[in-house]
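Some notes on the structure that comes next.
The values are calculated or read from the model by the stated rules, or taken from the named source; none is laboratory data. Since this is a predicted model, take the numbers as computed values, not measurements. Heads up, the Cβs are rebuilt from the backbone with ideal geometry, glycines too, and the neighbour counts pull from every protein chain shown. When the accessible area is computed, the model is the full protein with side chains, heavy atoms only, and any ligands, DNA or RNA have been set aside. Shrake-Rupley method; radii C 1.70, N 1.55, O 1.52, S 1.80 Å.
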Amino acid sequence: MASQAPSRRARVGVLAVQGAVQAHLRAIREVGAEPVEVRLPRDLAGLDALILPGGESTTMRKLIDAYGLREPMLALASAGAPLLGTCAGMILLAERIAEGDSPVLPLLDVEVRRNAYGRQLDSFEAEVSMPAIGVEPLHGIFIRAPVVSRVGPRAEVLAVDADGQPIAVRQGKVLATAFHPELTEDRRLHRLLIEMVGTAVGHRA
Ligand code: GLN
């Protein structure tokens, strides 16, 4: 009988310095992976993937630096671990943040504009078509979401809103959404993240 590598549950970290951490931990558990709360650099050891949740990106950026997480998170990404950023997490991954803020983990060739959907649209829900995860649209929950104001050539748009603005992007193994997939029961994005563990960069279409 051919020997098979013992299958190990993927260990997926969720940056847990601030923000909507619990729903991501639950989603990770539901797709059969092991969730790990990341507060200190040592929590990143041995992770297969990392999620940057929604929250308040200004607070998150301060705490990331206060706890010395920036360099080890970048090292995890360059070692090939897939990353998923949702809402504020997408802001943390952008190479450019409109109006002043410096980037935090510049891994996505996009420009984002914080809170740019306007006051009437502070929070809204919309059906999102994303062929990369299947034909069924997913339910997008947007909470003071960033607008992706520019997409550079290295990033790929996975979904757009009703006005054609990008709301989900991917670059290699870095995925980001302007909305909150963890707040619905749809686990396709978390599953996609797990599927990217162990694949070559750029391997998946
Ligand atoms: N508006 C928040 C920010 O700019 C993001 C909102 C969210 O993550 N739900 O940081």
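A search for C-beta distances below 7 Å between a residue of segment 42-66 that is of a type in the set (D, E, K, R) and any residue that is part of a loop (DSSP other than H, G, I, E, B), counting only pairs 6+ apart in sequence or on different chains, returns ASP48/ALA10; ASP48/ALA81; ASP48/VAL197; GLU56/GLN18; GLU56/GLY19; ARG61/VAL104. Take the conditions (1) open to solvent by 10 Å² or more (accessible area, probe 1.4 Å); (2) at pLDDT 95 or above; LEU25 misses just one of them, which is (1).
Within segment 131-150, residues that are more than 18 Å from ALA162 (Cβ to Cβ) reach partners that are in a helix (DSSP H, G or I) with beta carbons closer than 6 Å, at six or more positions or on different chains, in the pairs ILE133/ARG188; ILE133/LEU192. Being among the aliphatic types (A, V, I, L, M), within 12 Å of the ligand (Cβ to nearest atom) and surrounded by fewer than 24 Cβ atoms within 10 Å (Cβ to Cβ) holds for only one residue in MET90, MET60, and it is MET60. Screening segment 151-169 for residues that are out of contact with any Pro (no Cβ under 9 Å at 6 or more places or on another chain), open to solvent by 10 Å² or more (accessible area, probe 1.4 Å) and touching a residue at least 12 places away in the same chain (Cβ under 8 Å) and picking the one that is farthest from LEU108 (Cα to Cα) gives ALA162. Looking across segment 10-48, the residues that are in contact with a Pro (Cβ under 6 Å, 6 or more places away or on another chain) and over 18 Å from ASP186 (Cβ atoms) come down to GLY19, VAL21, PRO41, LEU44. Taken together, the residues in segment 93-124 that are within 10 Å of the ligand (Cβ to nearest atom) and either assigned to a loop (DSSP other than H, G, I, E, B) or out of contact with any Asp or Glu (no Cβ under 8 Å at 6 or more places or on another chain) (or both) amount to 8. Residues that are over 10 Å from the mean Cα position of the chain (by Cα) and either aromatic (Phe, Trp, Tyr) or within 14 Å of the ligand (Cβ to nearest atom) (or both) within segment 67-87 comprise just one, TYR67.
Just the residues that are over 18 Å from MET90 (Cα atoms), open to solvent by 30 Å² or more (accessible area, probe 1.4 Å) and part of a loop (DSSP other than H, G, I, E, B), please, taken from segment 28-56. Matches in segment 28-56: VAL31, GLY32, ARG39, LEU40, ALA45, GLY46. Within segment 158-176, being within 10 Å of the chain's Cα centre (by Cα) and not basic (Lys, Arg) holds for ALA168, VAL169, VAL174, LEU175, ALA176. Here ILE133 meets the list (1) within 16 Å of the ligand (Cβ to nearest atom); (2) β-branched (Val, Ile, Thr); (3) within 28 Å of ARG9 (Cβ to Cβ) almost entirely, failing just condition (1). Candidates VAL128, VAL135, VAL112, VAL104: the one that is at pLDDT 95 or above, open to solvent by 10 Å² or more (accessible area, probe 1.4 Å) and among the β-branched types (Val, Ile, Thr) is VAL135.
A quick yes/no check of all residues on (1) within 17 Å of the chain's Cα centre (by Cα); (2) closer than 15 Å to THR58 by Cα:
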residue	(1), (2)
ASP101	no, yes
LEU105	yes, yes
ASP109	yes, no
VAL112	yes, yes
ASP122	no, no
ALA126	no, no
SER129	no, no
ALA132	yes, no
